[in-house]
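The structure under discussion appears below in the form of structure tokens.
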Amino acid sequence: MALSSLAFETKIRELLDELWPYALAFYHPLLDGRVQSREHLEQWCSRFYIKDVGVLLARTYAKCPHLEARKFIAENLWEEEGRGQPGRSHPELSARLPHHFGVEHSDLEERHQKRLANPQSRGRQEIVEKETWLEEFAGFGLGAEFYAPAFFELILERLREEFQLPEEVLEFFIVHLTEDEDHSRRTMEIVLRYADTDEEQARVLSAIRRHVMGEAGLTGRVREPTPLPDEVVEKLRSVDRSSAGSSP
Ligand SMILES: [Fe+2]
């Protein structure tokens with residue numbers, strides 16, 4: 001028999017808690033000591049281009065039969081497109097960082113395509129492409145967006161204080177502090193409503209794990225993530241989001 005909505009939420013939250021050390025592994029170098037100098041930061045930033053979240057959302061929308069969930073996915077996609085404002089789509093906001101360090105846009109695109117074409121990365125994308133709407137929806141909303149505000153809060157702190165990067169370059173992180181908090185909350189509500197069989201619930205849990213471990217193939221990473229050090233995980237868990245939405 002399927003778990004009650006309350007029991008299933010508890011189970012999801014336990015899983016999300018267990019996966020903190022592996023979440024958003026693309027950003028780990030900024031938090032685990034691998035990026036120590038401006039030179040390291042430049043190297044990391046030269047690969048920073050979050051281009052295809054909109055593709056994932058559009059695909060999830062196309063698979064989804066439920067009007068209410070579709071509306072939310074469409075809103076999320078519109079935010080991803082910067083609500084139509086020039087230069088403010090999330091891929092463009094992410095590209096501000098490499099541009100700041102002098103990376104040409106054509107180089108950024110080329111490297112990105114190359115990373116995605118790697119057979120291992122391609123394999124991950126293919127698995128996600130075949131998922132049901134609910135797997136893909138939960139996998140991204142809970143397996144990525146749930147973690148983003150805490151990660152981005154700590155990353156912003158470093159990029160501002162230690163590296164003194166200008167605010168306009170940091171917009172990608174700033175917009176996700178509030179947007180992703182709202183998305184993961186609404187994703188949880190929708191997942192609890194529609195995952196109402198044993199099978200659906202089991203699928204949701206494995207999709208969350210798969211997205212955390214494989215980042216849906218969006219960044220082209222090929223290795224399984226290594227866990228973040230305990231002290232970083234503790235910091236992430238305890239990020240105070242009570243001032244979310246206030247300007248920095
Ligand atoms: Fe985004």
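Being part of a helix (DSSP H, G or I) and of a type in the set (V, I, T) is the filter here; which residues of region 190-226 pass it? Hits for region 190-226 are I190, V191, V204, I208, V212.
So is E224 closer than 20 Å to F140 by Cβ, modelled with pLDDT under 95 and crowded, with 18+ Cβ neighbours inside 10 Å or not? Show your work before the answer.
On the way: closer than 20 Å to F140 by Cβ: yes; modelled with pLDDT under 95: yes; crowded, with 18+ Cβ neighbours inside 10 Å: no.
No; evaluated as a whole, the condition is false for this residue.
Condition test on Y22, is it within 30 Å of R237 (Cβ to Cβ) and in contact with a helix residue (DSSP H, G or I) (Cβ under 7 Å, 6 or more places away or on another chain)? Taking the combined requirement at face value, the residue satisfies it. Can you name the residue in region 160-189 that is touching a residue at least 12 places away in the same chain (Cβ under 8 Å) and not in a helix (DSSP H, G or I) and, of all such residues, is farthest from the ligand (Cβ to nearest atom)? Ranking the qualifying residues of region 160-189, first place goes to F163. The sole residue among S46, S37 that is touching a residue at least 60 places away in the same chain (Cβ under 8 Å) and either among the charged types (D, E, K, R) or over 16 Å from V233 (Cα atoms) (or both) is S46.
The values are calculated or read from the model by the stated rules, or taken from the named source; none is laboratory data. Everything numeric here is computed off the predicted structure, so don't read it as measured data. Cβ: placed from backbone, ideal geometry, glycine included. Neighbour counts: every protein chain shown.
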